[in-house]
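**Student:** Below: one structure in structure tokens.
The values are calculated or read from the model by the stated rules, or taken from the named source; none is laboratory data. Because the structure is predicted, anything quoted here is derived from the model rather than measured. Ideal geometry is used to build each Cβ from the backbone, glycine not excepted, and the neighbour counts take in all protein chains shown. Remember, those area values only see protein heavy atoms, side chains included, never the ligands or the DNA or RNA. Shrake-Rupley method; radii C 1.70, N 1.55, O 1.52, S 1.80 Å.
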Amino acid sequence: MPLRHRERGHDPTAVRASSEEYQKLKDAVADFVDYCQSKGWDAEYVKKTLIDDHSPYVITLSGNRRVVINKPFFQARSACGRATRVLYAAYDLESKELRALKDAWRTNSVGVQSEEEKYKYLEEKGVHFLATTYFVGDIWEGDGITAGKQITHTDTLSSPTFRPHWKKVCKLMCSLVHTRVLQELRLPLYSMANSKEVVSAVRNAVECAYEAREKADTCHRDISVSNVLVNKRGEGFLNDWDHGQILTRVKEPHQYNTGTWQFVSIDFLRNRRKPQNIQDDVESSFWVLLYVCLHYLCHDRPRFNLEFFDEKDAGQDENEDTVVGGLKKKSLLTNDRVKVVKWECEPLKDLILNFSGVLGDYHTYSDSTRARSIELAKPIIYAQIHSRALPGCFEQDRLASKRSSQGSNRAPNRDKAGKG
């Protein structure tokens with residue numbers, strides 16, 4: 001008996017879009033690009049999600065909520081992992097608005113909260129600077145006879161003899177559930193008009209991280225340039241809480257550590273099974289700010305060595321992980337190497353020096369005194385970022401997203417420092 005489409009891997013929630021539906025998506029994208037240009041934001045790359053030789057689809061999320069999509073803005077290239085795709089331009093046929101749709105596969109494990117549960121929990125606790133979310137949930141399938149969540153089965157099919165070897169190649173050899181998130185459309189930091197807007201967005205991300213820890217006992221654990229975003233109102237927020245962890249509810253936190261390599265903390269790069277906390281989130285915010293400033297803002301060190309973002313050592317940490325890093329990041333902070341960079345914007349220079357100084361002090365403290373140093377420095381960090389984001393500071397310090405003389409302009413790869 002031949003296999004049905006669903007049994008052969010076809011997604012029953014996706015159907016080809018009509019020419020009229022695709023035209024609605026194209027018109028909405030054109031309107032969005034025009035709006036961004038009126039704000040001085042760079043949104044030309046959004047047009048790349050519209051490619052006529054890439055088949056447009058209509059995705060059914062739940063009930064009557066359907067969205068039209070085309071080419072993914074980002075698509076995972078690895079055969080292993082969660083196959084995350086951000087379908088950046090998604091036209092909501094219900095609200096007639098352009099949205100952002102994330103399509104991914106989450107870990108199907110007892111004790112691991114879904115992204116839906118995390119967003120609801122954070123909102124209930126009153127955490128600010130989160131994305132407006134219109135739909136989040138797991139995807140169900142059914143053909144009129146059977147129904148259930150879309151779940152992978154590869155982990156159950158590998159033989160006991162082969163499975164140990166396979167898990168060395170792919171640590172995410174486990175059951176995964178198909179999930180989607182529909183949120184307000186957003187822009188990355190490097191699309192902003194000036195450094196004031198960048199700093200304002202990072203300020204909101206830092207405050208969100210602190211509030212999540214204080215109000216909800218939650219750590220984000222993956223703050224990166226891909227997760228500190230700006231909405232159409234120009235407001236920054238901290239997104240993608242699928243790796244977030246409610247610390248009081250995790251019995252074995254060492255199993256689920258993660259992060260984007262270029263932005264994770266020094267301590268975690270040295271010991272990738274270290275339980276992550278607010279100190280790691282705050283430090284990641286600094287690396288995001290520094291990354292954007294070095295790549296897209298005018299300074300006098302166009303050939304400044306940026307290898308500390310990608311540094312990987314072949315040695316082993318105390319838990320026998322074969323790739324570690326962080327030594328060059330630590331040297332940058334503790335030896336005040338960032339002082340040699342002179343940005344055209346004086347307030348921005350002061351902010352980066354003060355922020356790096358707090359983190360440099362933290363990494364020179366002994367273990368017995370450093371635990372609370374970031375908590376005690378919170379007023380300093382927040383006051384510095386807040387004051388630099390006030391009107392009048394540096395609106396004229398414009399970003400140049402196409403600049404090639406400021407070192408490498410390539411986007412960070414999405415290597416994860418652990419597993420989710």
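**Student:** Does Arg272 satisfy the condition of being touching a residue at least 12 places away in the same chain (Cβ under 8 Å), open to solvent by 10 Å² or more (accessible area, probe 1.4 Å), in contact with a strand residue (DSSP E or B) (Cβ under 9 Å, 6 or more places away or on another chain) and not in a helix (DSSP H, G or I)?
**Tutor:** In short, yes.
**Student:** Tell me the residue from Asp31, Asp52, Asp42 that is loosely packed, with under 15 Cβ neighbours inside 10 Å and in a loop (DSSP other than H, G, I, E, B), please.
**Tutor:** Asp52
**Student:** Taking the range 55-70 as the region of interest, how many residues are part of a loop (DSSP other than H, G, I, E, B) and exposed (fewer than 15 other Cβ atoms within 10 Å of the Cβ)? Spell out the reasoning first.
**Tutor:** Residues of the range 55-70 part of a loop (DSSP other than H, G, I, E, B): 55-56, 63-64, 70.
Checking the rest, the ones that are also exposed (fewer than 15 other Cβ atoms within 10 Å of the Cβ) come to 55, 63-64.
Residues flagged as part of a loop (DSSP other than H, G, I, E, B) and exposed (fewer than 15 other Cβ atoms within 10 Å of the Cβ) within the range 55-70 amount to 3.
**Student:** Search the range 284-299 for residues being surrounded by 21 or more Cβ atoms within 10 Å (Cβ to Cβ) and not hydrophobic (A, V, I, L, M, F, W, C), and hand back the single one that is farthest from Val264 (Cα to Cα). Even if it seems obvious, please write down each step before you answer.
**Tutor:** Filtering the range 284-299 down to residues surrounded by 21 or more Cβ atoms within 10 Å (Cβ to Cβ) leaves 284-290, 292-297.
From what is left, the residues that are not hydrophobic (A, V, I, L, M, F, W, C) are 284-285, 295-296.
Details: Ser284: 5, Ser285: 9, His295: 18, Tyr296: 21 Å.
Within the range 284-299, the match that is farthest from Val264 (Cα to Cα) is Tyr296.
**Student:** Just for helices (runs of 4 or more DSSP H) wholly inside the range 109-184: which have at least 2 residues that are within 28 Å of Ala212 (Cα to Cα) and modelled with pLDDT under 90?
**Tutor:** Numbers: elements: 115-124, 154-157, 163-169.
Helices (runs of 4 or more DSSP H) meeting the threshold: 115-124.
**Student:** Within the range 221-232, can you find the residues that are under 14 Å from Val288 (Cα atoms) and not in a strand (DSSP E or B)?
**Tutor:** Arg221, Asp222, Ile223, Ser224, Val225, Ser226, Asn227 - these are the residues of the range 221-232 that are under 14 Å from Val288 (Cα atoms) and not in a strand (DSSP E or B).
**Student:** Something else: On the given criteria, is Arg203 open to solvent by 10 Å² or more (accessible area, probe 1.4 Å) and either within 14 Å of Lys118 (Cα to Cα) or not in a helix (DSSP H, G or I) (or both)?
**Tutor:** no
**Student:** While we're on this one: Thr248 is checked against (1) of a type in the set (Ser, Thr, Tyr); (2) assigned to a helix (DSSP H, G or I); (3) open to solvent by less than 10 Å² (accessible area, probe 1.4 Å) and fails just one. What number does that condition carry?
**Tutor:** Among (1) of a type in the set (Ser, Thr, Tyr); (2) assigned to a helix (DSSP H, G or I); (3) open to solvent by less than 10 Å² (accessible area, probe 1.4 Å), Thr248 violates only (3).
**Student:** May I ask you to verify whether Val225 is open to solvent by 10 Å² or more (accessible area, probe 1.4 Å) and either more than 15 Å from the chain's Cα centre (by Cα) or of a type in the set (A, V, I, L, M, F, W, C) (or both)?
**Tutor:** Numbers: open to solvent by 10 Å² or more (accessible area, probe 1.4 Å): yes; either more than 15 Å from the chain's Cα centre (by Cα) or of a type in the set (A, V, I, L, M, F, W, C) (or both): yes.
It is true that Val225 is open to solvent by 10 Å² or more (accessible area, probe 1.4 Å) and either more than 15 Å from the chain's Cα centre (by Cα) or of a type in the set (A, V, I, L, M, F, W, C) (or both).
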